[in-house]
Amino acid sequence: MTNAKVRGKFVTVKVTADDIKNGIRRAATRCPLALAIQRACNWEQSPSVGCLGVLPEPEDRTHDFDPIYQTILLPPKADAFWDKFDKDIPVKPFSFRIKVPISLLKK
């Protein structure tokens, strides 16, 4: 699934110094990107951030089957930040935009 095919809204994500300080290396749901995306999208649960993008955690966990995740692609500078942070290379606060499917945004 590519961002161009998804009906969504662009959200500006600001990774702060606090996100970097409180982020955990190699922890997909506790890295600075996950913390910043969770805040920017006003999600109750932290998303899982990886090399391909963001996998939002579904809020409805009442089903007996695995939920279908929607991947949100990260821009190259966010992917580069993620790689440096995990390798313990110094990083600085920055911002980026992602296209979030409308169905994943709170009204």
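Got a number for residues in the range 21-42 being outside any helix (DSSP H, G or I) and without any contact (Cβ under 8 Å) to a residue 40 or more places away in the chain? Total meeting the criteria: 5.
Scan the range 6-18 for residues that are more than 23 Å from SER103 (Cα to Cα) and in a strand (DSSP E or B) and the total you get is 1. Taking the stated definitions as given, is LYS21 closer than 13 Å to PHE96 by Cα, out of contact with any His (no Cβ under 6 Å at 6 or more places or on another chain), of a type in the set (D, E, K, R) and at pLDDT 95 or above? No; evaluated as a whole, the condition is false for this residue.
The values are calculated or read from the model by the stated rules, or taken from the named source; none is laboratory data. Keep in mind the model is a prediction, meaning the values are calculated, not measured. Glycine gets a Cβ as well: all are built from the backbone with ideal geometry, and neighbour counts include every protein chain shown.
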